[in-house]
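Since the structure comes first, as structure tokens, the remarks are kept for the end.
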Amino acid sequence: MHVIVTGGAGYIGTHTCLELLASGHEVTVIDNLSNASQEGLRRVERLTGKSLRFIQADLVDPVATEKVFQECPNATAVIHFAGLKAVGESSEKPLLYYHNNLTGTLNLCQAMQRHGIKNIVFSSSATVYGDPASVPITEDFPLGICTNPYARTKAMIEDILRDLHAADSTWNVILLRYFNPVGAHESGEIGEDPNGIPNNLMPYIAQVAVGRLKQLSVFGNDYPTPDGTGVRDFIHVVDLAKGHLRALEKLEQQPGAIAYNLGTGQGCSVLEIIHAFEKASGKTVKFVIAPRRKGDIACCYADPSRAEKELGWKAERGIEAMCVDTWNWQSKNPKGYGR
Ligand code: NAD
Ligand code: UFG
């Protein structure tokens, strides 16, 4: 299958491109490199011994987006990763987030429609559930109140894609709701390379361990959780990447518009992650307890059974592998790709 991968140069995109190439798919990546470098994709080609096509283009530009589709006449599906994802920045620059994520998606879908490509896998997020009434979260939970513009773009794009299918049932839409992706490919050659100071827990811990940052702030230890710190469903990025291949296979059965949680089903606290990382790396992760972060919820983990039943997908890697692989990537590449 020829798959167009938007945002394929990013963290989850590179790991997914690797799995796609390894499984014999043809891959064209569209990325504007606003949060990535081409180096990750070069490494994907080296690791697989296969090549992909890279087109530097911005989805916000309708002409450039159309051109990509003209150059890919045999493509049959799109995996749509491209988007801005920094929660805090989205509150400071809402127009940038709405324009990039929504206009980009509209341009993409219009080009797909024109070229008769009506199969899409979209990177959604557990954030669409807001603060869930209980855990584990199933896909039938009501979509919650989003606390920031980034989260709202995910919820809105889900609506747009469901509407597309409602208007024309030949569209097939798989909404993958990721929980907390962490880890890196076991080679240590590709991994997460955040711009500036990381917002997310795992890259922050890794940069403290490697000496780039002084100490971690643990945002709150007074949550109603076993140790008082936030609980999340961390999922290894390689498991997540493999979930996209199962979703592509599902699209061939013309499933309509459907959402799947991609998580492990296991909650893990901030303190548990810190200790697991110290064990995996042999380093001490210095931390202080700080006030809660605005917009954070206490506890969030998936019921991933629909994905297991309908996609034949299940996360295989646990917290230990997530920490070992993150450390392998971070210690081999202390400055990431050196962007
Ligand atoms: P990332 O920033 O590493 O990758 C996104 C890629 O999209 C980048 O390479 C960036 O350059 C590109 N991009 C952004 N806007 C673009 C545009 N207008 N045109 C072309 N390319 C553009 O992020 P990631 O962690 O790999 O996330 C991939 C997707 O998954 C995103 O949509 C993100 O919102 C979603 N997601 C991520 C997480 C997470 O914790 N990492 C959780 C849930 C959902
Ligand atoms: N945390 C800290 N210190 C830090 C960073 C995070 O204590 O420096 C804590 C948070 O308070 C939270 C946990 O670690 O309890 C996880 O925080 P992350 O920022 O790593 O992840 P979030 O669960 O807040 O959100 C992430 C992505 C969202 C995505 C969501 C899906 O940032 O884009 O997972 O569940 F939508």
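The values are calculated or read from the model by the stated rules, or taken from the named source; none is laboratory data. As the structure is a computational prediction, the values presented were derived from the model and not from experiment. We place every Cβ from the backbone using ideal geometry, glycine too, and count neighbours over all the protein chains shown. Side chains included, ligands, DNA and RNA excluded: accessible areas come from the protein's heavy atoms. Shrake-Rupley method; radii C 1.70, N 1.55, O 1.52, S 1.80 Å.
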Relative packing of 299-306, 119-126, 132-139, which averages over residues the other C-beta atoms within 10 Å, highest first: 119-126, 299-306, 132-139
Distance between Cα centroids, region 131-182 to region 220-295: provide it in whole Å. 18 Å
Could you work out the per residue convex hull volume over the alpha carbons of region 43-134, in cubic angstrom? 159 Å³
Burial order of peptide ranges 322-331, 53-62 (average beta-carbon count within 10 Å, highest first): 322-331, 53-62
Enumerate the amide H contacts of Tyr178 below 5 Å, restricted to partners 5 or more residues apart or on another chain; note that Pro and chain-start residues carry no placed amide H. Ser124, Ser125, Ala126, Leu262
Spelling it out for Asp131: with amide H atoms placed in the peptide plane at 1.01 Å from N, the residues 5 or more places away or on another chain with amide H under 5 Å from its amide H are Ile145
Would you mind giving the three semi-axes, in whole Å and largest first, of the ellipsoid equivalent to region 99-157 according to its Cα gyration tensor? 27, 14, 6
Between beta-carbons, use under 9 Å as the cut-off and find the net charge around Ala57, counting Lys and Arg +1, Asp and Glu -1. -2
Hey, with R₀ at 35 Å, roughly what FRET efficiency would Ala167 and Leu47 work out to, going by the Cβ-Cβ distance, to 0.05? 0.30
Keeping the other protein chains in place, figure out the carbon and sulfur percent of the accessible area of region 181-326, with a 1.4 Å probe. 46 percent
What is the count of Lys pairs in region 185-318 whose alpha carbons sit under 26 Å apart, if the two are 8 or more places apart or on different chains? 11
What base-10 log of the normalised intensity I(q)/I(0) is obtained for the chain from the Debye formula, alpha carbons as equal point scatterers, at q = 0.06, 0.10 Å⁻¹? -0.19, -0.56
Using only helices, what value at 222 nm comes out for the chain when you add -39,500 (n - 2.57) per DSSP H run of length 4 or more and divide by the total residues, to the nearest 500 deg cm²/dmol? -11500 deg cm²/dmol
If I model a spin label as a point 7 Å beyond the Cα along the Cα-Cβ vector, how far apart are those points for Ser37 and Val288 in nm? 3.2 nm
How much accessible area per residue does the chain have, counting only protein heavy atoms and a probe of 1.4 Å, in square angstrom? 43 Å²
The percentage of the accessible area of region 1-67 (probe 1.4 Å, all protein chains present) made up of carbon and sulfur atoms, to the nearest whole number, is 48 percent
Give the distance, in whole Å, between the Cα centre of region 87-117 and the Cα centre of region 1-58. 20 Å
J(HN,Hα) series, region 224-238, from Karplus relation 6.51 cos²θ - 1.76 cosθ + 1.60, nearest Hz, glycine and proline x: x, 10, x, 10, x, 9, x, 10, 9, 9, 7, 10, 5, 4, 6
Below 13 angstrom from the Cβ of Arg246, what's the summed charge of the other residues (Lys, Arg +1; Asp, Glu -1)? -2
Positive dipole terminus of region 241-337, leading residue within Ser305, Gln253, Ser269 (C-beta point charges): Ser269
Excluding Phe122 itself, calculate the net charge of residues whose Cβ lies under 10 Å from the Cβ of Phe122, where each Lys or Arg counts +1 and each Asp or Glu counts -1. +1
Expressed as cubic angstrom per residue, what is the convex hull volume of the alpha carbon set of region 191-339? 133 Å³
